[in-house]
Amino acid sequence: MSATNVGTLLTESARGTPDAVAVAVSRPRSGRRVYERVHFAELDRETDEIALGLQAAGARKGMRLALLVRPGIDFVKLVFAMFKSGVVTILIDPGMGRSNMIRCLSEAEPEGFVAIPLAQATRCLLRHRFPQAAFNITVGRRWFWGGKTLDRIVSMGKRQLEARTAETGDLFRIDPSDPAAIIFTTGSTGAPKGVLYSHNNFVNQATEIRDYYGIEPGGVDVSGFPLFALFNAGMGVTTVVPKMDFTKPADVDPLEIISAVKDWNADQSFGSPALWTTVGRYCEKQGVRLPTLKRVLTAGAPVPPHVLGRLKKIIADDGEIHTPYGATEALPVASMDATTVLAETAALTEQGKGTCVGNRFPGMQSRVIEITDEPIEDISQTKEMPTNQIGELMVKGDVVTEKYVTRSEANALHKVSDGDSFWHRMGDVGYLDEKDRFWFCGRKGHRITTPEGVMYTIPCEAIFNAHRSVYRTALVGLGEAARQRPVLVIEVWPERKPLGKEEKARLLTELRELGKENELTHAIQNFLFIDKMPVDIRHNSKIFREKLRTWAAGKVETV
């Protein structure tokens, strides 16, 4: 990939496969499933028009604009157009809830909104939260708030494009280090933070993912996560957007994923572990296979072996499931494949060894250092941990973002200077094994310090997750640091709900025995059942342990 402006990755795709479908969106009508679609050449031209229209309307390089449109063709079109224009796009998950979304947007200090009418109306009602938002584009019908419509921007851009003599690829030159977007963390360990992405970060992400997984132009991806569609467009891969609520992937209708795969003979699909749990269980029960799928990517939280095993039976015989590991601040870091997990590491995970997330991507450096909750100014102040000893992970590479631009006090806790470069502290604990693979043992902020020692969430939970009745568990600590009481919260499989009194008592006895038999978990005395874990809005897979801790505190007091 030769692009410096990440938006022009789309231009490269359009030159290679101009007539291929870039994005197709499922639009069920009268019992039939039809697809709205746009081809690469068309998409590239329209993004040029929008980008030039934005510039003609007064958008300048570095201007922060919040993008609030629904997933689909307009979303992909606007993101690439905004990249090309040089503005900084603020991308946010609407599923985080109204109050969180407004707070995050306010902290990002947007200078304008590119948004659907409902979002523009909300901005007007809360204009005191967005005092700098003077440049506003309405995607749809404009009401009372002024500014221009997207249609008007397109018209302005068409005139600009017609007047240009330079080739399209030369229209949008920028410095690779220029900022491209602000994307927020999920907030699973505190308030969401705004991460600043440069164009260089995005280009290297796309390159690393393409080369590592052997993704080639002409492929078809059914996407369960809208942001991944941006990588597809930059690789010449068709993105099929199924009908689903992207803020609730666990509740997806399996038939929507299955139909999209079959309608397009898709060879790839990306989705969270929660999505693939739902789809995989349906396929297993109904005897459905998806033989065209050769590559499945799933990320966002540790992927249970039962999910991988189920998917292996569903996809192509020579297909593979990959579990890329990373974070909003650094992605991708490492990757693991299901074949190795099922043959080698799953058994160790069930014994409490953690979850193996695999080897580093070629462009990534990593270290496991002694755990501390204090800032680290310089790499010389760190102590590397020996093989197989738990510490905290730090990473370095071109895909690693440089800083937070909201909640910026977090920079001191996560960024470590190393001469002219820097390292990022992932906030994850684990260890490197003899094969230089990282084993994830949980979030640093979720470790539990008891009078008997430190307990790490993922190894402890795996002991109980191996029980046939348990869907997932979460270990939380109550009380003061160094004197915390470990509490295990249990969610059973949906078909086991609700548990009868005798059944619950029998399961509790079995889980207590499991805990006593293992040195990692023998200290757990309190067990609580919950109907459904609170989870993140992005993948529905990360458990919000802060919320769970508050809930558990109230329950334990009454036990």
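Here is the size of the stretch 214-259 from its Cα atoms: Rg then Dmax, 11.3, 31 Å. What the pair-distance distribution of the stretch 100-181 shows, using all Cα-Cα distances binned every 5 Å from zero, is 3, 12, 19, 16, 17, 15, 11, 6, 1, 0 percent. Distances between placed amide hydrogens fall under 5 Å for residue 34 paired with 27, 29, all partners being 5 or more residues away or on another chain.
Compute the relative contact order of the stretch 311-385 as a whole-number percentage, counting only Cα pairs closer than 8 Å that sit 6 or more residues apart in sequence.
For the stretch 311-385, the relative contact order is 21 percent.
Only protein heavy atoms count here; under a 1.4 Å probe, residue 467 has an accessible surface of about 20 Å². Shape descriptor for the stretch 48-120: Rg over Rh equals 0.96 (Cα atoms; Rh from the Kirkwood inverse mean 1/r). Within straight-line reach of residue 403, meaning a Cα separation under 12 Å, sit the following aspartates and glutamates at least 8 residues removed in sequence or on another chain: 329.
Each of the trypsin sites (Lys or Arg not before Pro) that DSSP puts in a loop and that has at most 11 other Cβ atoms within 10 Å breaks the chain; the longest unbroken stretch is 174-382.
Counting heavy atoms of the protein chains alone, residue 189 has an accessible area of about 50 Å² for a 1.4 Å probe. Over the stretch 318-381, the Kirkwood radius and the radius of gyration, each from Cα atoms, give a ratio Rg/Rh of 1.06. Run a plain Debye calculation on the stretch 27-68 (Cα atoms as equal point scatterers, no solvent) and give log10 I(q)/I(0) at q = 0.16, 0.17, 0.27 Å⁻¹, rounded to two decimals, same order as the q list. For the stretch 27-68, the Cα-only Debye profile gives -0.64, -0.68, -0.95.
Taking the Cα atoms of the stretch 261-330, the ratio Rg/Rh between the radius of gyration and the Kirkwood radius comes to 0.97.
Counting only DSSP beta bridges with both residues in the chain, what percent are antiparallel, rounded to the nearest 5?
On the way: 56 of 94 bridges.
If we restrict to bridges inside the chain, about 60 percent are antiparallel.
Which pairs, out of 243/555; 248/294; 84/547; 243/532, put more than 28 Å between their alpha-carbon atoms? Write out the running numbers ahead of the final one.
Numbers: 243/555 38 Å; 248/294 25 Å; 84/547 40 Å; 243/532 24 Å.
Going by Cα-Cα distance, 243/555; 84/547 fall outside the 28 Å limit.
If you average the C-alpha positions of the stretch 59-107 and of the stretch 445-513 separately, how far apart do those two centres end up, in angstrom? Result: 39 Å between the Cα centres. With both residues required to sit in the stretch 237-361, DSSP beta bridges show an antiparallel share near 40%. Accessible area of residue 177 (1.4 Å probe, protein heavy atoms only, ligands and nucleic acids ignored): about 80 Å².
Each residue of the stretch 539-547 is assigned a 3J(HN,Hα), and the resulting list reads 10, 6, 10, 6, 7, 7, 6, 5, 5 Hz, derived from the Karplus form 6.51 cos²θ - 1.76 cosθ + 1.60 (θ = phi - 60°), x at Gly and Pro.
Every Cα-Cα pair of the stretch 361-478 was included, and the share exceeding 16 Å stands at 65 percent.
How big is the dipole moment of the stretch 25-161 about its Cα centre under a simple scheme where the beta carbon of each Lys and Arg is +1, that of each Asp and Glu is -1, and everything else is neutral? Debye, nearest 20, please. Each step should come with its number before you reach the end.
Values: 23 positive and 12 negative charges, 82 e Å.
Computed charge dipole of the stretch 25-161: roughly 400 debye.
The share of C-alpha pairs in the chain whose separation exceeds 31 Å stands at 49 percent. Using C-alpha pairs under 8 Å with a sequence gap of at least 6, the mean separation divided by the residue count of the stretch 82-229 gives a relative contact order of 21 percent.
Considering only alpha-carbon pairs that sit under 8 angstrom and 6 or more positions apart, the relative contact order computed for the chain is 11 percent. A Cβ-based charge dipole, computed about the Cα centre of the stretch 448-546 with Lys and Arg at +1 and Asp and Glu at -1, lands at about 240 debye.
Under a point-charge model restricted to the Cβ atoms of Lys and Arg (+1) and Asp and Glu (-1), what is the dipole moment magnitude of the chain relative to its Cα centre, in debye to the nearest 20? Walk me through the intermediate numbers first.
Values: 71 positive and 68 negative charges, 432 e Å.
Roughly 2080 debye for the chain.
The portion of the accessible surface of the chain made up by carbon and sulfur, rounded to a whole percent, is 48 (1.4 Å probe; DNA, RNA and ligands excluded). Taking amide H as placed 1.01 Å from N in the peptide plane, the amide H of residue 356 sits under 5 Å from that of 440, each at least 5 places away or on another chain. Calculated accessible area for the chain comes out at 43 Å² per residue, all protein chains present (probe 1.4 Å; ligands, DNA, RNA ignored).
Decide, for the stretch 465-545, between rounded, prolate and oblate: order the square roots of the alpha carbon gyration tensor eigenvalues as a ≥ b ≥ c, take rounded if a/c falls under 1.5, and otherwise choose prolate if a/b is larger than b/c, else oblate.
Values: a/c = 1.88, a/b = 1.06, b/c = 1.77.
Because a/c hits 1.5 or more and a/b fails to exceed b/c, the stretch 465-545 counts as oblate.
Once you wrap a convex hull around the alpha carbon atoms of the stretch 226-292, what is its projected area averaged over all directions, in nm²?
Working: hull surface 17.6 nm².
Seen from a random direction, the Cα hull of the stretch 226-292 projects 4.4 nm² on average.
The GluC sites (Glu not before Pro) of the stretch 103-171 meeting both criteria, a DSSP state outside H, G, I, E and B (loop) and at most 11 other C-beta atoms within 10 angstrom of the site's C-beta, are 167.
Amide H contacts under 5 Å for residue 136: 113, 148, restricted to partners 5 or more places along the chain or on a different chain, H placed in the peptide plane at 1.01 Å from N. For the stretch 506-547, applying the loop criterion from DSSP together with a ceiling of 12 other beta carbons within 10 Å to the GluC sites (Glu not before Pro) yields 517, 519. Across the stretch 349-366, computed HN-Hα scalar couplings (Karplus, 6.51 cos²θ - 1.76 cosθ + 1.60, θ = phi - 60°) run 4, 5, 8, x, 8, x, 10, 6, 9, x, 8, 5, 5, x, x, 10, 10, 8 Hz from first to last residue, x flagging Gly and Pro.
When the listed pairs 77/542; 61/415; 383/444 are checked against a 20 Å cut-off, the alpha-carbon distance exceeds it for 77/542; 61/415.
The values are calculated or read from the model by the stated rules, or taken from the named source; none is laboratory data. Given the structure is predicted, the values throughout are model-derived calculations rather than measurements. Backbone-built Cβ (ideal geometry, glycine too); neighbour counts: all protein chains shown. Ligands, DNA and RNA are stripped out before the accessible areas are found, and what is left, the full protein with its side chains, is counted by its heavy atoms. Shrake-Rupley method; radii C 1.70, N 1.55, O 1.52, S 1.80 Å.
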